Amino acid sequence: MEKKKIVILGAGFAGLKLARKLNNNPHFSVTLIDRYNYHQFQPLFYQVATAAINASDISFPIRKVFQGSKNVSVRLAEVTAIKKDQNIVETTIGDFSYDYLVVAMGCTTNFFGNKQIEELSFPMKSTNEALTLKNRLLTNFESAYSAESPEELEEIMNIVVVGGGPTGVELSGAIAQMKKFILPKDYPDLDFSKLNIYLIEGGPNLLGPMSELAHKKSYEYLTNMGVNVWTEGRVTDYDGKTISLADGRTINTRNLIWAAGVMGNVPEGAVKQEDLQRGNRLKVDRTSKVLGTENIYAIGDISSMETPKYPHGHPQLARVAGDQAEQLAKNFDKLGQGLSEDKLTLFEYKDPGSMATIGKRKAVVDLPKFSFSGRLAWFTWMFLHLMLILTVRNKLAIFLNWAQTYFTNDSSLRIIVRPTKKDFRFNLKGYRRFPKNRDKEVEA
Ligand SMILES: Cc1cc2nc3c(=O)[nH]c(=O)nc-3n(C[C@H](O)[C@H](O)[C@H](O)COP(=O)(O)OP(=O)(O)OC[C@H]3O[C@@H](n4cnc5c(N)ncnc54)[C@H](O)[C@@H]3O)c2cc1C
């Protein structure tokens, strides 16, 4: 019997898990498409951005996972559109036809339509962006030596993180640790008492969806570490030098880090614009099928599934993405065995809890029945994140870096590496030459 074709868009937590679960399944041939040739472990981006670990330690080449697979093929391509009426996905390397399509393209940063902020701030939603932020932070302090006025020095010495969710909290905590332990040693002739770290959150609390204890402790830890936490502050504009808030306050800075929201990476043609849910998510039923479609599924951050326990959709977490993928793989297997759709299992998320780390021996953990913070929470956070990292090699590399940082409060990864222009000459259709005017890209 001819195998049915499943095309999976995105090899993040959801897409990769689904492809692994369908690996060597006799009923399906699977094509996994991603714009990167590696899987990214997003929860540790902030450590890459603050030079605590290497980018390669939280990345894993997708092709290696499927070496020797009988039914999974991997393609490096950017998905551009879906042609639902023809069962075709358009990508930068050509079209792919499918019997079942699974959209697992995750989210991108939401700048809420502000083009200035999008252009001038630093988001952290991919390994590339985490590396760009690391380079920015390191070059920022180098540029302090050539500041020509006190105003310019002030702009360099102010670092502003917007968004008080786990990303913003973890990042501002890590920068505060750098200020205390590393920067004065690396740049002994700069005065780091002038370095101000701001964390601006629109809501009344940091770590909004977490417990009261997490709100209180994260605020307490960060303020004790010298971070200026501004809650109920809404950033309205940024011109590259000054941030403006809705209440009239301003901060002069060249370093705006944007961690204030995400929106789904929905490919063109997936659904009508008016059918998208809040945050650009695809509304799915409890088998993860996109509403109004016959053979398109969505899992992970991009999907929005209402259940009695989660009437507004699930939280956008790696665990939810993985569980959804596992459930969908089981359901595909049932379909492959010829079972009808009414025999499919409905998804139910069992929340194991959530956590965030703020600094050395400072973390908060919410379990379903109770919450705790401090040293035990910090070790719990480290242990669980280490367990989630793919491959023993990456676990060991991270463990060694963490051990070095724990005992020395330092690391040796503060290296500024940037791709050359030539790196961009290669695209997925072969070798192309960029003349001075990059818009006029020509075939070599
Ligand atoms: C900084 C940060 C910290 C986080 N910390 C935690 C945490 O501590 N705990 C937790 O549970 N969750 C955390 N999350 C959330 C977690 O990472 C997400 O919930 C999870 O990644 C969702 O998985 P996904 O598969 O839906 O999407 P992703 O993992 O984002 O995967 C999407 C994939 O689609 C690919 N893709 C996107 N667009 C295209 C395109 N046009 N063409 C081809 N490929 C494309 C991407 O390259 C990516 O590989 C964090 C997220 C961030 C950004």
Of the residues in segment 291-317, how many are in contact with a Lys or Arg (Cβ under 8 Å, 6 or more places away or on another chain), part of a loop (DSSP other than H, G, I, E, B) and among the hydroxyl-bearing types (Ser, Thr, Tyr)? 2
Would you point out the residue of segment 81-107, among those that are surrounded by 18 or more Cβ atoms within 10 Å (Cβ to Cβ) and among the hydroxyl-bearing types (Ser, Thr, Tyr), that is nearest to the ligand (Cβ to nearest atom)? 91
Answer residue from segment 109-145, given it is surrounded by fewer than 17 Cβ atoms within 10 Å (Cβ to Cβ) and not in a helix (DSSP H, G or I) and is nearest to the chain's Cα centre (by Cα) among those: 112
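So that you can scan it fast, the table gives a plain yes or no per residue for (1) among the polar types (S, T, N, Q); (2) more than 24 Å from residue 171 (Cβ to Cβ):
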| position | (1), (2) |
| --- | --- |
| 82 | no, yes |
| 90 | no, yes |
| 98 | no, yes |
| 104 | no, yes |
| 108 | yes, no |
| 111 | no, no |
| 121 | yes, no |
| 128 | yes, no |
Within segment 108-128, tally of residues that are within 13 Å of the ligand (Cβ to nearest atom) and in contact (Cβ under 8 Å) with a residue 12 or more places away in the chain: 9
Answer yes if at least one residue in segment 350-368 is in contact with a strand residue (DSSP E or B) (Cβ under 8 Å, 6 or more places away or on another chain), assigned to a loop (DSSP other than H, G, I, E, B) and of a type outside the set (Ser, Thr, Tyr), and no otherwise. yes
Regarding residue 313, is this residue closer than 29 Å to residue 130 by Cβ, within 16 Å of the ligand (Cβ to nearest atom) and crowded, with 21+ Cβ neighbours inside 10 Å? no
Hey, among the residues in segment 376-401 that are within 13 Å of the ligand (Cβ to nearest atom) and in a loop (DSSP other than H, G, I, E, B), which one's farthest from residue 47 (Cα to Cα)? 390
Taking the condition of being touching a helix residue (DSSP H, G or I) at 6+ places or on another chain (Cβ under 8 Å) and acidic (Asp, Glu), how many residues in segment 334-350 meet it? 1
If you go through 329, 318, the only one that is within 20 Å of residue 102 (Cβ to Cβ) and away from the ligand (no atom under 12 Å from the Cβ) is 329
Please indicate, with yes or no, whether at least one residue in segment 218-230 is modelled with pLDDT under 95, closer than 23 Å to residue 371 by Cβ and small (Gly, Ala, Ser). no
Looking at segment 211-221 only, could you name the residues that are within 23 Å of the chain's Cα centre (by Cα) and either among the acidic types (Asp, Glu) or crowded, with 24+ Cβ neighbours inside 10 Å (or both)? 214, 218
If residue 356 passes every condition in (1) away from the ligand (no atom under 14 Å from the Cβ); (2) in contact with a helix residue (DSSP H, G or I) (Cβ under 9 Å, 6 or more places away or on another chain) but one, which one does it miss? (1)
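The values are calculated or read from the model by the stated rules, or taken from the named source; none is laboratory data. Here the structure is a predicted model, which is why all the values come from computation and not from measurement. Note: ideal-geometry Cβ built from the backbone for every residue, glycine included; neighbour counts use all protein chains shown.
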